[in-house]
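Taken together, the values in this text are just the output of simple stated rules run on the coordinates, not laboratory data. Keep in mind it's a predicted model, so treat the numbers as computed, not measured. A quick note on method: Cβ atoms are made from the backbone with ideal geometry, for glycine too, and the neighbour counts reach across all protein chains shown.
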Amino acid sequence: MAAGRAGRVVVVGGSMAGLLTARALADHAESVVVLERDRLPEEVGPRGRVPQGRHLHALLSAGLERLREWFPGIEAELTSYGAVPVDGSEAWVHQGGGYRARGHWGRPGLGMTRPLLEHVVRHRVAALPGVTIEDGTTVGAVTLRLGRVTGVVVDGEPRPADLVVDCSGRSSRIAHDLAASHVLDPPVTTVGIDIGYTSFFLRRSPGDFEGKLLVSIENPGTFRGGAVVPVEGDRWQVTLSGVHGDVPPTADVEIERFAASLSTPAVAQLIRHCERVSDVETYRFPSSRRRHYEKVRGLPPGLVTVGDASSSFDPIYGQGMTSSALQAAALGAVVARTGIMSDDLPKRFHRKAARIIEAPWRIAVGGDFGHQQTVGARPVGTAQLNGYMLRVIHAAHASLPVTRSFNRVLQLEDPPVALLAPTTMVRVLRASGRSPAVTGAAVRHPLVGPPRVASA
């Protein structure tokens, strides 16, 4: 055993939350075993039981920074696989009647598919001393003794552990069974948004588009959305979205018609310009859901929950993987102070995790309540915050400093309250009146190449 490491950890679930949790705990535990029910692909590719993996994913800058710290050189490795660096000077993000001011928004992000990111992270984690990943393994339940979680059951056999981390996703069997048996039944907040996705890949060539990132956000408005991101394999990944039954279609003609309804014509133009090189995939996300473990007095020792099993947000905001990374980092920090086997660990961690979750929850849920059909517990002050956020959106059309501040919040680098800093508020109030949505000035849209010519 390495010096300073003690305790056996079982991580249930081998997607991004589970992999990053394993990385965070590998520095502190004697052993970490990741149990994944899927058979994991050797090559880059989506997993059968992760349907959302076929759709657009974003690793926000706060999450990418954690990966840089945990896995030195990973950015260069991802780029070697074809991930595409993208900065604010190449981004066209249309919302509220105009495009955000382009320029230096911060450190560039990476355009890539979720399967590529998982593939690289999984191989990095599997190479860590003391870490094992077992696929094709279904966890039936946790084991309990005198109120403490002592491991899991795999194929009818107990697997002992000093700490079990549930990273098995929003449909977690562990969370469901413990709640049903009243062993661990936290309050749950649910906000219904019923978002539908349609996604596909286009062939990407030089000169397709005046930029590298194209996003249309119809909030406020119809809540329809469209995003085009460069990814590995010389492809554009396209995702169209709608809420409360306004599900994007799957037939080519109807896809183009849906894209043409967005407030920027460039999405539809790019779809017409480029050749589709994949099937069309769909996905439905009914609601954001948050299990409030921080509000439970008697958390059972030996168990914590990370990622979607704890809180899953409207995926249109792209916060899930980054929130999981920040929670994993917080778990590692708490374990460094308390040790793996501390009875106090669950309480300390979930209080810390709740503060991490609050920022993306406020952003996603607050934004979703801009639609009149959204149902659920509305956070206090949502109407006032949304009113101010519209001013921020308009100010970002005219002010690069406001765009930078807004982007830092959206990237989970700063909390939403940062937009209420006096200097930022002054900039927002001054610049919002210069938005084309307010002045009525013409908006220049990005240039897209001519439509493709059908083969004879």
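Given H placed 1.01 Å from N in the peptide plane, which residues other than close sequence neighbours of Val34 have an amide H under 5 Å from its amide H?
Val11, Thr132, Ile133, Glu134
Cα convex hull of the chain: how many Å³ per residue?
149
Which of Pro72, Trp92, Gly106 sits farthest toward the positive end of the charge dipole of the stretch 30-113, with +1 on the Cβ of Lys and Arg and -1 on the Cβ of Asp and Glu?
Going by the Cα projections, it comes out as Trp92.
Which whole-Hz ³J(HN,Hα) couplings does the stretch 34-39 yield from phi under the Karplus relation 6.51 cos²θ - 1.76 cosθ + 1.60, θ = phi - 60°, glycine and proline marked x?
With the stated coefficients, the stretch 34-39 comes to 9, 10, 10, 6, 6, 7 Hz.
Could the peptides 20-26, 139-145 be put in order, highest first, of the mean number of other beta-carbon atoms found within 10 Å of their residues?
My ranking of the peptides, most packed first, is 20-26, 139-145.
DSSP beta bridges in the chain, what fraction antiparallel, as a percent rounded to 5?
70
From the backbone phi of the stretch 77-90, what are the Karplus-calculated ³J(HN,Hα) couplings (6.51 cos²θ - 1.76 cosθ + 1.60, θ = phi - 60°) in whole Hz, Gly and Pro given as x?
5, 4, 5, 5, 7, x, 4, 10, x, 9, 10, x, 6, 10
May I ask for log10 I(q)/I(0) of the stretch 378-439 at q = 0.26, 0.29 Å⁻¹, from a Debye sum over the Cα atoms as equal point scatterers with solvent left out?
With no solvent term, the Cα-only Debye profile gives -1.10, -1.26.
Quick query: amide H of Leu144 versus all other amide H atoms, modeled in the peptide plane; which residues come in under 5 Å with a sequence gap of 5 or more or a different chain?
Amide H neighbours of Leu144, under 5 Å, 5+ apart: Thr150.
What Kirkwood hydrodynamic radius do you get for the stretch 194-286 when you take the inverse of the mean 1/r over all pairs of distinct Cα atoms, in Å?
13.1 Å is the Kirkwood radius here.
At a threshold of 8 angstrom on Cα-Cα distance, excluding pairs fewer than six apart, so keeping six or more, what relative contact order does the chain reach in percent?
21
For Leu214, enumerate residues with amide H under 5 Å from its amide H, sequence gap 5+ or separate chain, H modeled in the peptide plane.
Residues meeting the amide H criterion: Trp92, Val228.
If each of Asp135 and Arg276 carries a label point 7 Å out from its Cα toward its Cβ, how far apart are those two points in nm?
According to this spin-label approximation, the distance is 2.9 nm.
Sum -39500 (n - 2.57) across every DSSP H segment of at least 4 residues in the chain, then divide by the residue count to get the 222 nm mean residue ellipticity, nearest 500.
-10000 deg cm²/dmol
Just rank Lys347, Lys295, fewest to most, by other beta-carbon atoms within 10 angstrom.
The order, fewest Cβ neighbours first, is Lys295, Lys347.
Given the Cα-Cα distance of Val375 and His182 and 0.36 nm per residue of separation, how much length would full extension add, in nm?
Going from the current span to full extension adds 66.8 nm.
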